[in-house]
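So the structure is just underneath, and the comments pick up after that.
The values are calculated or read from the model by the stated rules, or taken from the named source; none is laboratory data. Here the structure is a predicted model, which means the values were calculated and not measured. Using ideal geometry, Cβ is built from the backbone for each residue, glycine included, and neighbour counts are taken over all protein chains shown.
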């Protein structure tokens, strides 16, 4: 026989792809970075976990304070982020500040200690029991960062330089009683000219009643930066200014502190800012950070940071800066800086920033559901939410207490359903929602509530499209209690301003100079004040009414409630026909909607009941039809089992033994009457199921009908009340 070697067998299985078990790493203040990072042997620092975490891993952090900047080594992957979150046994605080000890008396109530770091002029911050103290300054101010105390120039002279040379100016103020040279080398903080924003300069000489300082002037706006009588200012940057409780000074490694209560700070928890960031995510993607508290530190990313998710964070004192040499070109500083694509900050609190609260500098980034307050307390050109990149969005945020703008856009963006108030606290000629020189194509400013924005000078504005904006859609916003409700500075072109309500403002619509608005359309707005709608604009069906009822309780922020009392703006009296008509229309719409929903619910109930009855009836019909077959089959089976038992019993020789075996074998065999009884019981259950489906369905229908009747009755009552109010206000 010819025997041949069989051919080589083809592999039946493809090599398995590389797989890695996802890991959870644990961190605890009582752990060690030499541990394995397990729940029983946790790391001590978050950074140690960040060194080893890979896509899909989770870092779980026990309660405690971690004084570090977390800089992960690895990115996650789309769908497999690296997640950092608390363990859940208490707050996790990531702090940018370190404690200072070794205090000794310096002079009077001032104590001193050595500090081994210095973040630079204007960037340092000192905390006493978690509360920031003031850098030594004149005039002295309280600890409310957003409402500082200023001095006021009585007069001023200036020499404005050409090109890049520094300009100089002299302020005159009889309140400056310090001796000659006292302020030399100090830093002047001033909102010059019209007070658009605060900038800093360096004092070059000083004498009682006057100071001379050098400053940088913007070639495009230098004529507006010349100081003048009435300008607000203050001075920092010299240890000699430390003359009040609650102040500090830092120089040559020596920190001097006058505690608020005049005590020795040795045991009072003095901390000094040492790190800028709690998380440094530059160059990293697909990382989720949630649930932490950040103190004296923020978050930074860069243009390669994509898919970053920050959520449920409580962030305080997120950014500090105090050196602003140019009015309009402030240092790029923000509490949260998102510069990649698809990054998200949501459901978080950002409180206290000398600069931007949040900056969206990338593309397709979002800030949503956040409370952002007490930002830009430096008074420089910053905002609570600054938007520079394209396709970014701000939704459902509450913004208040800002030195300048609430939300500022330098690119088309979506700004919807935000509440912005009490902004422009230290400056003028800006807005709660502000954009400058931007093509708003694809952007929208809609459904926002804006109020309490009032300043001197050029005024505070609710929604401000400053010079050379175009193609913005501004719709369904409610603005009240502002110097100007909506302002369009020339040239503003092809904007759509529609369905807005602007009330209790000196001007409902304002502009300046030529007020040119070519192609801009105002449509179906409600204005209660004067309007300055410029040439080239079209005004369609706008309504002017004499009074306005602001939305009730637009803010539910407890911090705001505690500091500002009632959250409901004052209610004006007088005819409110436009508002009444809207209420009637809304009530009619609600009634129609509920009636349609009632009909659909009844139809759904009927369909559900019929389906249940049909299913029960089908089961009943099947069991009735199957009964004879099942009974015959069971009878045949019983007979076979009896026959087999008889055959088996014949193996016994004696009759008694055969009978015993036969009885034992047939004990478990049911009788035909018993099986028939079981089939009849099953059919009876089917009949009961049909009745139950009918009864239960009717009960549900009756219950739903009663509930919907209550809803419709309430709608009719609301409609009747609103109609009565409308008739009453109309004098009918």
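Let's see how each residue does on (1) free of Cβ contacts under 8 Å to residues at least 60 places away in the same chain; (2) surrounded by 24 or more Cβ atoms within 10 Å (Cβ to Cβ):
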| residue | (1), (2) |
| --- | --- |
| 246 | no, no |
| 261 | yes, no |
| 266 | no, no |
| 275 | no, no |
| 284 | no, yes |
| 292 | no, yes |
| 303 | yes, no |
| 320 | no, yes |
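In segment 99-111 there is no residue matching the filter, namely being in a loop (DSSP other than H, G, I, E, B), in the same structural domain as residue 222 (by TED's automatic domain parsing) and in contact with a strand residue (DSSP E or B) (Cβ under 9 Å, 6 or more places away or on another chain). Take the conditions (1) at pLDDT below 80; (2) surrounded by 13 or more Cβ atoms within 10 Å (Cβ to Cβ); (3) within 21 Å of residue 622 (Cα to Cα); residue 662 misses just one of them, which is (3). Among the residues of segment 142-193, those that are closer than 19 Å to residue 220 by Cβ, buried (at least 17 other Cβ atoms within 10 Å of the Cβ) and in contact with a helix residue (DSSP H, G or I) (Cβ under 9 Å, 6 or more places away or on another chain) comprise 167, 192, 193. Looking only at segment 114-133, count every residue that is buried (at least 20 other Cβ atoms within 10 Å of the Cβ) and either more than 31 Å from the chain's Cα centre (by Cα) or not in a loop (DSSP other than H, G, I, E, B) (or both) and tell me the total. The total comes to 4. For segment 172-222, a residue qualifies if it is assigned to a strand (DSSP E or B) and under 42 Å from the mean Cα position of the chain (by Cα), and the qualifying residues are 187, 188, 189, 190, 199, 200, 201, 202, 203, 213, 214, 215. Return yes or no: is residue 289 in contact with a strand residue (DSSP E or B) (Cβ under 9 Å, 6 or more places away or on another chain) and farther than 16 Å from residue 84 by Cα? No, not satisfied.
Number of residues in segment 338-359 that are surrounded by 24 or more Cβ atoms within 10 Å (Cβ to Cβ) and closer than 15 Å to residue 402 by Cα equals 8. Filtering segment 54-67 to residues that are buried (at least 19 other Cβ atoms within 10 Å of the Cβ) and either over 23 Å from residue 266 (Cα atoms) or at pLDDT below 95 (or both) leaves 57, 59, 60, 61, 62. Filtering segment 415-433 to residues that are in contact (Cβ under 8 Å) with a residue 60 or more places away in the chain and closer than 19 Å to residue 469 by Cα leaves 429, 430. So, residue 441, is that one assigned to a strand (DSSP E or B) and either in contact with a helix residue (DSSP H, G or I) (Cβ under 7 Å, 6 or more places away or on another chain) or free of Cβ contacts under 8 Å to residues at least 40 places away in the same chain (or both) or not? It is false that residue 441 is assigned to a strand (DSSP E or B) and either in contact with a helix residue (DSSP H, G or I) (Cβ under 7 Å, 6 or more places away or on another chain) or free of Cβ contacts under 8 Å to residues at least 40 places away in the same chain (or both). Restricting the search to strands (runs of 3 or more DSSP E) fully inside segment 308-385 and requiring at least 3 residues that are closer than 30 Å to residue 213 by Cβ and modelled with pLDDT of 95 or more gives 314-319, 356-360. Among residues of segment 126-152 that are assigned by TED's automatic domain parsing to the domain that holds residue 235, those with a beta-carbon under 9 Å from a residue that is in a strand (DSSP E or B) and surrounded by fewer than 13 Cβ atoms within 10 Å (Cβ to Cβ) at least six positions away or on a different chain give the pairs 143/131.
Write out, first by first residue and then by second, each pair whose Cβ atoms fall under 9 Å of each other, whose residues are 6+ apart or on separate chains, and whose first residue, in segment 58-78, is closer than 17 Å to residue 291 by Cβ while the second is at pLDDT below 95 and not in a loop (DSSP other than H, G, I, E, B). Here the result reads 58/24; 59/24; 60/24, each pair linking segment 58-78 to a residue that is at pLDDT below 95 and not in a loop (DSSP other than H, G, I, E, B). If you check 679, 620, 583 for being surrounded by 11 or more Cβ atoms within 10 Å (Cβ to Cβ) and either modelled with pLDDT of 75 or more or within 30 Å of residue 720 (Cβ to Cβ) (or both), only one passes: 583. Here residue 250 does not qualify as crowded, with 16+ Cβ neighbours inside 10 Å, touching a helix residue (DSSP H, G or I) at 6+ places or on another chain (Cβ under 9 Å) and under 16 Å from residue 188 (Cβ atoms). Selection of strands (runs of 3 or more DSSP E) fully inside segment 453-551 by the criterion of at least 2 residues being touching a strand residue (DSSP E or B) at 6+ places or on another chain (Cβ under 9 Å) and at pLDDT below 90 returns 538-540.
Taking the numbered list (1) assigned to a loop (DSSP other than H, G, I, E, B); (2) within 24 Å of residue 295 (Cα to Cα) in turn, residue 140 passes all entries but (2). Working only within segment 680-699, note down all residues that are more than 12 Å from residue 620 (Cβ to Cβ) and in contact with a helix residue (DSSP H, G or I) (Cβ under 6 Å, 6 or more places away or on another chain). Matches in segment 680-699: 694, 697.
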